[in-house]
1. Of all residues in the range 114-123, which are more than 13 Å from residue 98 (Cβ to Cβ) and either near ligand 2 (Cβ under 9 Å from one of its atoms) or modelled with pLDDT of 65 or more (or both)?
2. Identify the residue in the range 249-258 that is surrounded by 22 or more Cβ atoms within 10 Å (Cβ to Cβ) and not polar (S, T, N, Q) and, among all such residues, is modelled with the lowest pLDDT.
3. Considering each residue of the range 236-289, count those that are more than 16 Å from ligand 2 (Cβ to nearest atom), under 25 Å from the mean Cα position of the chain (by Cα) and either among the acidic types (Asp, Glu) or closer than 30 Å to residue 109 by Cα (or both), and give that number.
4. Which residues, taken from the range 223-237, are under 16 Å from residue 208 (Cβ atoms) and of a type in the set (Val, Ile, Thr)?
5. Scan the range 124-154 residue by residue and report those that are at pLDDT below 95, in contact with a Lys or Arg (Cβ under 7 Å, 6 or more places away or on another chain), of a type in the set (D, E, K, R) and part of a loop (DSSP other than H, G, I, E, B).
6. Can you name the condition, by its number, that residue 206 falls short on among (1) surrounded by fewer than 16 Cβ atoms within 10 Å (Cβ to Cβ); (2) touching a residue at least 40 places away in the same chain (Cβ under 8 Å); (3) under 19 Å from residue 71 (Cα atoms)?
7. From 323, 345, 337, grab the single residue that is charged (D, E, K, R), in contact with a strand residue (DSSP E or B) (Cβ under 8 Å, 6 or more places away or on another chain) and over 30 Å from residue 176 (Cα atoms).
8. So which strands (runs of 3 or more DSSP E) are wholly in the range 307-384 and hold at least 1 residues that are touching a Gly at 6+ places or on another chain (Cβ under 7 Å) and under 30 Å from residue 270 (Cα atoms)?
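The values are calculated or read from the model by the stated rules, or taken from the named source; none is laboratory data. All figures in this text were calculated on a predicted structure; none of them were measured in a lab. Here the Cβ positions follow ideal geometry from the backbone for every residue, glycine too, while neighbour counts run over all protein chains shown.
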Amino acid sequence: MFSPSEASADLVSCPRSKVCSFITLCDELLSRMGLEEEIQEIEEEIAETPYNKATEEHIGRLKAKLSKLKDELAEKESGGGGGGGYDVPKHGDATVALVGFPSVGKSTLLNALTNAESETGSYEFTTLEVVPGMLKHRKVDIQLLDVPGLIEGASGGRGRGREVMSVLRSADLLLFLVDVFEPEQYAKLRGELHENGIRMDTSPPDVHIQRRDRGGVDVRKTDEVSLGDDVIEGTLREHGIVNAVVVVREDISVEELSDVILDNRVYIDSMVAVNKVDLADETVLERTRDVLADEGVGSAVGVSAEEERGLDTLKDRIFDELDLTRVYLKPQGGEADMEEPLVLDGEATVGDAAEKIHRKFDGRFRYAKLWGESAKHDGQQVGEDHELADGDVLTVITS
Ligand SMILES: Nc1nc2c(ncn2[C@@H]2O[C@H](COP(=O)(O)OP(=O)(O)OP(=O)(O)O)[C@@H](O)[C@H]2O)c(=O)[nH]1
Ligand SMILES: [Mg+2]
């Protein structure tokens, strides 16, 4: 909830306070407070209602309503956002964002891994803007972003939370950094990101919604789907959809269905590193491992950013988690360039490679010649649909 002091601080710091009247600001604040109150009431009702067949539909509706209200709130809070230091242009082959509480050592790690010089300090919130650094590893340029430390409630606009979130949403991989003495930070960070529409380590639900003008809601689903038709219909109605064909091909929750309807979630992979291991003994490390394992993290990378320990393992893990395909280009009749690979996504095809080399290949692509793991034999002739493997050598033949 908003306390009066936070409310007034918000009024003072609102960048639009000069142009919009005090009354408008009060209205905005009140509607935000109203939303927060409503959200809290629904959360309480969900917590208090026992889940069974008879209440399933009702709870489903409440959850759908909750998603919608939270979305409205996030929308309101991002309204006045933006500003200095947060528009970081993407460079390199992939972008990794460091996510962590203040003072866990994000800037120290960035400095140790890259050419960047991010200010570090023993006080909280040293970094107030996004600092990029470039890490070259296994011939791939990886942009690392050091962002201000997240604190609990960041998604609700506390700290520089909402700007940070917008940077995180555009990353290819999230690198959670937690303090070895405070592994509980991990679950809190994930909670904040989830609240802000970031879905980690999962792909978008296999659900398709085709709106139509009439005919009501027609639900088509595969056998593994446990949500009842009434719950699916109710959820859609809660979001204002009364006519649609819905195809559900995966066992999803009401929240995941709401995610699809709202259509503003991002899906990003993540990994975990534990910093300051130089300060910890075996008992501490053991506890940290246990806490993270309970959160489903089987293999966090232990590092000391300060003493530059564990960094090679960390770089390898970042590279692996990004799941990239490096392709070496060989001009027809010439030597392959084995220094600067073309870097593509994990499941890239020859067509993706051709497009990345030159968009003008459009229509002029004839075939490609291929050497490497995905080739049946050296110089195999392949078409646009052929799926590439990391390390392949490719010659594109155009007309
Ligand atoms: N012992 C030890 N100290 C570390 C390590 N990494 C960072 N520190 C110290 O922790 C403090 C905070 O480090 P920063 O890199 O500024 O932390 P940050 O996460 O960037 O903090 P904010 O920018 O405030 O979010 C500094 O005093 C660092 O010297 C480490 O591996 N071991
Ligand atoms: Mg910092």
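1. Result: 115, 117, 119, 121.
2. Filtering the range 249-258 for residues that are surrounded by 22 or more Cβ atoms within 10 Å (Cβ to Cβ) and not polar (S, T, N, Q), the one modelled with the lowest pLDDT comes out as 254.
3. Qualifying residue count, the range 236-289: 17.
4. 225, 232, 235
5. Listed by number, the list holds a single entry, 152.
6. Only one criterion in (1) surrounded by fewer than 16 Cβ atoms within 10 Å (Cβ to Cβ); (2) touching a residue at least 40 places away in the same chain (Cβ under 8 Å); (3) under 19 Å from residue 71 (Cα atoms) is unmet by residue 206, namely (3).
7. From the options 323, 345, 337, the qualifying one is 337.
8. Details: elements: 324-329, 342-345, 365-371, 380-382.
By residue number, 324-329.
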